[in-house]
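This report concerns only the one structure given below.
The values are calculated or read from the model by the stated rules, or taken from the named source; none is laboratory data. Computed from a predicted structure; not experimentally measured. With ideal geometry, Cβ positions are generated from the backbone for all residues, glycine too; neighbour counts draw on all protein chains shown. For accessibility, only protein heavy atoms count, side chains too; no ligands or nucleic acids. Shrake-Rupley method; radii C 1.70, N 1.55, O 1.52, S 1.80 Å.
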Amino acid sequence: MTWRQFEGSHEEWDELIGDEARAAVYQSAPWAQFRERAGWSVLRLISERGTAHAQFLSRRKGPLTVFWGPGAPMGAPSATEMTDLPRIVRSLSGSKTLYIRLSDFRNFQDSSDNPYDDAVWRRPQRQLSTGITMIRPLPMDVTNLAEGYSKNW
């Protein structure tokens, strides 16, 4: 197996990802806690080599489970790890039908560094959002964060 489920606490996750969270705030524990309040579930994975990490938010829509990984994966996943990722997510989720969407925030300058090509990942045909993102620093206590937000947050 190339990935394993992270079983630690929110604080341990943030400690594990460290500075990588600055580049991918949506991979942080406060973001996951905030989205959990809106009905999303969190699945966190660590590569067996310890060089890649991924936090997915998931939500079941009928027979389909959607896994959304904004900023995932972090670190340096190999092509083999990216090939195995859908199988591992399916196995850990117990869902027979799933849709996985990643949004890697890294800028690959050299195609030889891009693990997606060899793993046969492709860009989606449809955009899920406007592509415009605003970032608000999240406090560690997200209990009252959603107050005053519209329902689409």
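List every residue pair whose Cβ atoms lie under 8 Å apart, where the two residues are 6 or more positions apart in sequence or sit on different chains, the first residue falls within segment 68-94 and is touching a residue at least 12 places away in the same chain (Cβ under 8 Å) and over 10 Å from Ser47 (Cα atoms), and the second residue, located anywhere, is open to solvent by 60 Å² or more (accessible area, probe 1.4 Å) and among the polar types (S, T, N, Q).
What qualifies is Leu92/Gln5.
Please determine whether any residue of segment 92-100 is farther than 20 Å from Thr2 by Cβ and open to solvent by less than 40 Å² (accessible area, probe 1.4 Å).
Taking segment 92-100 as the starting set, the residues that turn out to be farther than 20 Å from Thr2 by Cβ are 96-97, 99.
Right, trim to open to solvent by less than 40 Å² (accessible area, probe 1.4 Å) and you get none.
The answer is no, given that none of the residues of segment 92-100 is farther than 20 Å from Thr2 by Cβ and open to solvent by less than 40 Å² (accessible area, probe 1.4 Å).
Scan segment 65-80 for residues that are closer than 18 Å to Ala52 by Cβ, surrounded by 19 or more Cβ atoms within 10 Å (Cβ to Cβ) and in contact with a helix residue (DSSP H, G or I) (Cβ under 7 Å, 6 or more places away or on another chain) and jot them down.
Phe67, Pro70, Gly71, Ala72, Met74, Pro77
Could you tell me whether any residue of segment 22-41 is on the phi > 0 side of the Ramachandran plot and open to solvent by 20 Å² or more (accessible area, probe 1.4 Å)?
Within segment 22-41, one or more residues are on the phi > 0 side of the Ramachandran plot and open to solvent by 20 Å² or more (accessible area, probe 1.4 Å).
Which one is nearest to the chain's Cα centre (by Cα) among residues in segment 41-77 that are of a type in the set (Gly, Ala, Ser), assigned to a loop (DSSP other than H, G, I, E, B) and closer than 24 Å to Glu12 by Cβ? Break it down stepwise before answering.
To start, the set of residues in segment 41-77 that are of a type in the set (Gly, Ala, Ser) comprises 41, 47, 50, 52, 54, 58, 62, 69, 71-72, 75-76.
Imposing the further condition that a residue be assigned to a loop (DSSP other than H, G, I, E, B) reduces the set to 50, 62, 71-72, 76.
From what is left, the residues that are closer than 24 Å to Glu12 by Cβ are 50, 71-72, 76.
Details: Gly50: 16, Gly71: 6, Ala72: 4, Ala76: 14 Å.
Top of the filtered list is Ala72.
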